[in-house]
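Heads up, the thing below is written out as structure tokens.
The values are calculated or read from the model by the stated rules, or taken from the named source; none is laboratory data. Here the structure is a predicted model, which is why all the values come from computation and not from measurement. As a convention, Cβ positions derive from the backbone with ideal geometry for all residues, glycine included, and neighbour counts pool all protein chains shown.
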Amino acid sequence: MGYPHPPHPRETVVLSQYFGDADARTYKGWVKRGGYQALKQALAMDPAAVTEEVKASGLRGRGGAGFPTGLKWTFMPREKKRPHYLCVNADESEPGTFKDREIMRWTPHALLEGTAIAAYAIRAEVAYIYIRGEFTEPYRIMERALSEANAAGVFGTLRVHLHRGAGAYICGEETALMNSIEGKRGNPRIKPPFPAAAGLFGLPTTINNVETIAAVPHILTRGAAWYKGLCLSNPKSTGTKLFSVCGTVARPGNYEVTMGFPLKDLLYDLCGGMPSGRTLKAVIPGGSSVPILDREEAERTLLDYEGCVEQGTMLGSGGVIVFDDSADMVYQIMRLARFYAHESCAQCTQCREGTAWTTRILERILAGQGKPADLDLLLDLADNMTGKTICVLSDSCAAPVVSGIRKFRSEFEDYLSGKTKPRVAA
Amino acid sequence: MAEPAPVNLTIDGVPVRVPPGTLVIEAAKQAGVLVPHYCYHPGLPVAGVCRMCLVAVEKAPKLQIACATTVAEGMVVHTQAPDARKARTGVLELLLINHPLDCPICDQAGECELQDFVFQEGQPATRYAEYAKRFNPVEDFGPDVLYVPNRCILCTRCVRFMEDVASEPVLNVSERGDRAFVGIHPEARLDHPWSGNVVDLCPVGSLLSKDFLHKARAWELDKTPSVCTGCSQGCSVTLDVRDQTVVRVRPRPNLAVNRYFICDHGRSHYRWMNGGDRIEAPLVRRDRELRAVDWDEALDRARGIIAGAGGAAVALVSPGASTEALFLARRLLSRFAWTGAYQVVKGEEAPLPGVPGLALRADRAPNVRGAELLGYSRDYDAALRAAVGAGVVLVLDDPTAPVRTDGALIYLGTVLPDDAGVRGASVVLPLANVAEEDGTFVNCDGRVQRYSQAKPAPGMARPAWWVLGELAADGTEPAPASAAEAFARFANATEGAAGLTYAALGLSGRVLGSGAVVPA
């Protein structure tokens, strides 16, 4: 099995250097490629110094929120009175996102090494890697890599557990993930308390995304300054980022570029542009939970945390979903809403009932049974669903609805007026 | 340890001062504001899921839920801010999407928090309109609990009660999204001895008591504060009475005893209060038969018997009698060499793990401690032996007493005794039961608590404190004119209780000193 595409010259290959190289999956192969040097280096340092280095690199969370990683680590109690935990979020379930899967498939030891370093920095005795249930192949690869690493004794006293999810999207939410590890229903918890105060099993916990953790060894071996220097636009967004591009591009796949890379170039240059005769219509740049960009916005967007916010969206997980001019945006948005209605954990009223209601309204619009007031109803419902719940699943359902109606209102109106032929919302 | 400094905040313009750590929703109560809520319950861990109690807090970036926000110095809360109102109206609209409007046949109607808050803050019509509502059939959860999933708003109070308070997590939230419902473990029943509380906790008519099913509409009920008679724990309860019949017993919050809960034994232990087998007139023995007479004649006869009796006196009392009655019975026989005893039905203990010190107690009577305080003994057999040769035997509402005596027998009770021995009484005086009189019980922890009259006594039956007070009245001290006065006399004769009054007992009672009663 080879990796789908050779690196494009404009990619900055750091995390994806060994994607497609099966030998890098083995412990021996990883060591041969310089693996576990960063861990040795870290263990020779003070844990606080490791954190400082990560802080200085400007690394920010790659799971979606973009919180500065080093700063997050400093939230762990300074005085260690109780056991500390590290959780690695490998529950990559965000529609349109498939970067962590590749990291685990090709470079499992990069993740394990980063895990060991992070655990050392936050003085954790136990680390959990929570892998999405559907990721059977990555799980097998990680399992093998873990047993090799354990046999080689790389973790010292640290215990690393792989924990398989059971198929719920919401378990990728950090506190739901902790509940899931604890054997409880994967419901997000109210914050505060934040995980650093009371996380897994009520103990101080740090949780990081796979891609974040996998970047840590590189920061140690090549230095924070090098990492910080990987920046094409805003200095607050540093390093490289994997973008999972899917939808109507010639070459979908994972692309690793430096922060601040233009989205336009990613789509037209790296991914080979739209299918012939088609033009770009819309892009969801950060996984299904972020607002949709229309063509003009997308072509202006620089891919970093600030660049996306500037265009009214978010970098999110880096799952880039591309729509060409043949896309039916009403249908696409209904599909997104239906996903959230299916995955709502059912705790908060707005999310439990609101995601389902949103889906039904969109379905009836598609079926030609929409009412003139439906768009205002959807927007008002979205307002009731935004910023009012425990986690952001409800907001994530509302975001594409609001941005979709704002940017593609005529498509909705054509369904309402009968100009567009009704379709079965399958 | 010094008290931590209180926190000052403002809620809807009203300044309040509360201990640090108080939740905004509780602080709001002090400001006279009830923030609408469903999942929050002071007796349960905070879930923060219904999102009904959203309020605006100045300087906070978005609306906060009052049930999970802790007060802070200088905090300014606006419960009626337009965005908070809109958010709550939105939640109500969403809750009503799948809630059937079957209030006319719902037991909860009239005491339903969904009705109340929709009336208060909801909108007149839904925009959800034409879709069918979620449907799931009614489930039989346990001996006394039905689950009507269609009405469920998934506040999870029941789930949290079973998990965190009863420590028997047989309920969960099953499924996700709008398909969710409260599920029960496939091999379990909701039969924990305290599981009936889920019915009270349910803010809507989703969890119903089979016992109360379709018995009454909430607005037909008269509610009276009382004390549970099921065991010596003495949980505070409310008696719900319809047409002079007790139809339901519910917990009455008392943080010092039962918090917000009662056990299923106590909940179901009320039918006897409505029994039709009551003595309705005083009876005196004439020509070997008990004949109905008026109170004056019956009291005269009883006084005469006691005045004329020599030798010893024995009192066989019910540990379910009021403290006032037990005290006055003791006082009545104070000139005799005296033996007093009670018998108590025993049962299995059933603690509620989430509330330390709260249990269904083995002694299944409410005033065992009161009887002990007043010198009545548990050695019932010794009292029965003493009764044989006693000059006078007083039986206080103990219809099963197998008493044999050569002396005179006076029986005071609610129902006619089963035992031939007691049926041989010279005088039978009809008493009101616990639902028909005012009085107090002393619980197993020495807490004396009031209960109040919830319905009239049948026929000529009178409260025991009145009957015994009349019998004991002599020239020096008139009979007490009220239960309160009878209690004051008891208190003044009790070490550590002097000066204690009904008013001072309030709704949650007071712990008596450990001192024994000084019989005067």
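Quick notes
- Filter pass, B:VAL145 being within 15 Å of B:CYS202 (Cβ to Cβ) and within 14 Å of another protein chain (Cβ to nearest Cβ): no
- Test: residue in region B:203-213 that is within 14 Å of another protein chain (Cβ to nearest Cβ) and in contact with a helix residue (DSSP H, G or I) (Cβ under 9 Å, 6 or more places away or on another chain): yes
- Residue among A:CYS345, A:CYS391, A:CYS351 that alone is within 12 Å of chain B (Cβ to nearest Cβ) and touching a Gly at 6+ places or on another chain (Cβ under 7 Å): A:CYS345
- Of all residues in region B:293-324 being assigned to a loop (DSSP other than H, G, I, E, B) and among the hydroxyl-bearing types (Ser, Thr, Tyr), the one that is farthest from B:CYS228 (Cα to Cα): B:SER318
- Output for region B:224-246, where each listed residue is exposed (fewer than 15 other Cβ atoms within 10 Å of the Cβ) and either acidic (Asp, Glu) or outside any loop (DSSP other than H, G, I, E, B) (or both): B:ASP243
- Filter pass, B:ALA60 being surrounded by fewer than 17 Cβ atoms within 10 Å (Cβ to Cβ) and not assigned by TED's automatic domain parsing to the domain that holds B:GLY354: yes
- Residue satisfying all of: in region B:325-357; part of a helix (DSSP H, G or I) and among the small types (Gly, Ala, Ser); surrounded by the fewest Cβ atoms within 10 Å (Cβ to Cβ) among these: B:ALA329
- Strands (runs of 3 or more DSSP E) within region A:124-217 that include 3 or more residues within 30 Å of B:ARG51 (Cβ to Cβ): A:205-209
- Residues of region A:218-245 that are surrounded by 19 or more Cβ atoms within 10 Å (Cβ to Cβ) and not in a helix (DSSP H, G or I): A:LEU230, A:SER237, A:THR238, A:GLY239, A:THR240, A:LYS241, A:LEU242, A:PHE243, A:SER244, A:VAL245.
- Listed by position, the strands (runs of 3 or more DSSP E) inside region B:1-103 whose residues that are within 28 Å of B:LEU358 (Cβ to Cβ) number at least 1 are B:14-18.
- Spans of strands (runs of 3 or more DSSP E) in region B:135-198 with at least 2 residues crowded, with 24+ Cβ neighbours inside 10 Å and assigned by TED's automatic domain parsing to the domain that holds B:GLU349: none
- Any hit, region A:403-424, residues being at pLDDT 95 or above, crowded, with 24+ Cβ neighbours inside 10 Å and within 14 Å of chain B (Cβ to nearest Cβ): no
- Residue match in region B:410-433 (condition: in contact (Cβ under 8 Å) with a residue 40 or more places away in the chain, within 18 Å of the chain's Cα centre (by Cα) and in the same structural domain as B:PHE487 (by TED's automatic domain parsing)): yes
- Output for region B:97-118, where each listed residue is surrounded by fewer than 22 Cβ atoms within 10 Å (Cβ to Cβ) and facing chain A (nearest Cβ under 9 Å): B:ILE97
- If the condition is being surrounded by fewer than 22 Cβ atoms within 10 Å (Cβ to Cβ) and either of a type in the set (Lys, Arg) or in a loop (DSSP other than H, G, I, E, B) (or both), then region A:378-390 contributes A:THR386, A:GLY387.
- 2 or more residues surrounded by fewer than 19 Cβ atoms within 10 Å (Cβ to Cβ): qualifying helices (runs of 4 or more DSSP H) within region B:358-470: B:380-388, B:420-423
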